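Every number here is computed from the coordinates shown, using simple stated rules; none is lab data. Everything numeric in this text was worked out from a predicted model, so none of it was measured. Neighbour counts run over all protein chains shown; Cβ positions are idealised from the backbone, glycine included.
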Amino acid sequence: MESDSQDKSLNNRKVPLEMSPEEFRKVGHQLVDRIAEMFTSFPQRPVTSGESSKIIRQALGNNKLPKTGTSTDRIFEEATNLLFDHSLFNGHPRFWGYITSSASPIGVLGDLLASAVNPNVGASALSPMATEIEAQTIRWISELIGYPETGGGLLVSGGNMANLVGFLAGRTAKVNWNIREEGMNAANQKLRVYVSKATHTWIEKAADLFGLGTKAICWIETDINEQMDIEALKQQILSDQADGYLPIMVVGAAGTVSTGAIDPLPEIASICRQHDLWFHVDGAYGAPAAALPEASAQLRGLSEADSVALDPHKWLYSPLEAGCVLVKNPQTLLDTFSFHPEYYSFDGSKEDPSLNYYEFGFQNSRGFRALKVWLGLRQAGRDGYIKMIRDDIALSKALYHLVEAQPEIEALTQNLSITTFRYVPVDLSNDDSEAGKYINDLNQEILNKLQAGGELYISNAIIDDKYALRACIVNFRTTLSDIQALPEIVIRTGRSLDAEMRPNHLSN
Ligand SMILES: Cc1ncc(COP(=O)(O)O)c(C=O)c1O
């Protein structure tokens, strides 16, 4: 009897997570409507609610894990309200912080489609079309930035991971023993990697995680434009070789995180050829700008790299997360990552060999990140991307000229789509060290106030010991009038904070 009723209930399962087609349509349409409203409401909203974590936690509530479920329409009503009322919107026209782009609406829909089909893009047997779309995306990105299409690569979660993949491929390729079997213990020479002082912190994670240790990083000086000093690089390699170290890799920047500076990539390529070093380019931010016909020869030099990191979730405007690593020779990724466990039968046949992305990177099970990128590339095309990136650069230059024209703002740098500047009260001299320290503190407070205020969102950089405000425009919603609003907001905030802070900070 009991087993009869169990059979019945297992044949007729009541599944708490299933949705009827009618329910799915109803809730889905409501959700899409609310998202569309959110996109149109950006200009009327603050960039961020600016609330403290305490307020955010109160809004969320501190309920225990629910024992039973809740209806889907109620959950979505609550979830959209929570997120729309208490978020920072990097899709807002006045978001220019860090390097996070506005997300393309087609990418938003792409993520929905990707998770609906839910292919596991670790093996082509599990994701036949998705694997081919990812391979095409890699070819299209390569074509866009002038990287050899005969290479390979894969989508990863972001810039850190893309750089880690390139770094590890370089380490495997350039050490003089079988590192995959023997590990770092077999090293009889200490390894060295060369990066400019402006390199993003991923390099420290890479050197640490992959057993070189952070002391293996040679931080090469930069010149006043934040570009790697090539003479210093050459000297350092020679002196390390003479001292018995094993140089394996140089990392060039195609857009540094703070100021968007581009290293002299063709010269680095030639040094790498001369010393048989792996040439990795961190183009997480700036590589897409190589698509512009007017791109500099320095930036175009990324075509010579053995590996390139590029973030579609930065300047290809894909929703988070989407990073990408390109390699000149796909075999180098297989040599780094491929194992063949007995429980996988994904190899395909001799006539039809399989492209299995689990062999090319860290992940085995992989989501379909490529779809949102591929859809964006199809919607905008090469010309569309060139236009959006060119406009972002033009807006950044316009911002530089606007702040330069203000007696109370000191314009500092402008590269790619990053402009740095700082507020300096007219009566304060920069040269005086007490005033210099105060101006730094003042700008830090200006940044805190602006970031919480919601009128616009920028971040910071340190330039020649100066605390700078920094706007990075990777935002297709930003217009010239958004940019024109910035000087007044910075000056108003600067004046009011200066009036508050100066009596306690500076002796007269
Ligand atoms: C030059 C550069 N490299 C790497 C990264 C890390 O990228 P992600 O935050 O996507 O891991 C960034 C992030 O801003 C970057 O600007």
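Once the principal axes of the Cα atoms of segment 119-368 are found, what is the range along each, listed largest first in whole angstroms?
Principal extents (largest minus smallest coordinate, Cα): 50, 46, 29 Å.
Put +1 on the Cβ of each Lys and Arg and -1 on the Cβ of each Asp and Glu in the chain; which of VAL15, GLY170, LEU302 then has its Cα farthest toward the positive end of the dipole?
VAL15
Each label point is 7 Å from the Cα along the Cα-to-Cβ direction; what then is the distance between the points at GLU143 and LYS197, in nm?
4.3
Would you mind calculating the gained length between SER9 and LEU83 on full extension (0.36 nm times residue separation, minus the Cα-Cα distance), in nm to one decimal?
Extra length from SER9 to LEU83 when fully extended: 22.9 nm.
In this model, which of LYS197/LYS397; LYS174/LYS205; LYS314/LYS437; LYS314/LYS466 are farther than 30 Å apart at the alpha-carbon?
Among LYS197/LYS397; LYS174/LYS205; LYS314/LYS437; LYS314/LYS466, the Cα-Cα distance tops 30 Å for LYS314/LYS437.
Return the distance in nm (one decimal) between the two label points of a simple spin-label model at PHE76 and PHE362, each offset 7 Å from Cα along Cα→Cβ.
Label at PHE76, label at PHE362, 3.4 nm between them.
Could you calculate the FRET efficiency of LEU60 with LEU126 from 1/(1 + (r/R0)^6), where r is the beta carbon distance between them and R0 is 45 Å, rounded to 0.05?
Once rounded, the FRET efficiency stands at 0.80.
Would you please state which residues of segment 403-441 a label at ASN225 would reach in this model, taking the label point 7 Å out along Cα→Cβ and a backbone N cut-off of under 12 Å?
414-416
Gap in Å between the Cα centre of segment 323-363 and the Cα centre of segment 411-484?
With segment 411-484 and segment 323-363 each reduced to a Cα centre, they are spaced 45 Å.
At a Förster distance of 45 Å, what's the computed FRET efficiency of ALA405 paired with GLN379, Cβ-Cβ distance as r, to 0.05?
0.75
Taking the Cα centre of the chain as origin, work out the dipole magnitude from +1 charges on Lys and Arg Cβ and -1 charges on Asp and Glu Cβ, in debye rounded to 20.
The calculated dipole for the chain is roughly 800 debye.
Counting only the backbone N, which residues of segment 108-135 are under 16 Å from the spot 7 Å out from the Cα of VAL32 toward its beta-carbon?
108-117, by backbone N distance to the label point.
Please identify which residues in segment 181-207 have an amide N closer than 18 Å to a label point set 7 Å out from the Cα of LEU246, following the Cα→Cβ vector.
Residues 181-194, 207 fall inside that zone.
Which semi-axis lengths, in whole Å and largest first, follow from the square roots of five times the eigenvalues of the Cα gyration tensor of segment 382-505?
28, 14, 12
Pull out the extension gain between LYS449 and VAL426, defined as 0.36 nm times the separation in residues minus the alpha carbon to alpha carbon distance; nm, one decimal.
6.2 nm
So how much slack lies between LYS67 and ARG492, counting 0.36 nm per residue of separation and subtracting their Cα-Cα distance, in nm?
147.8 nm
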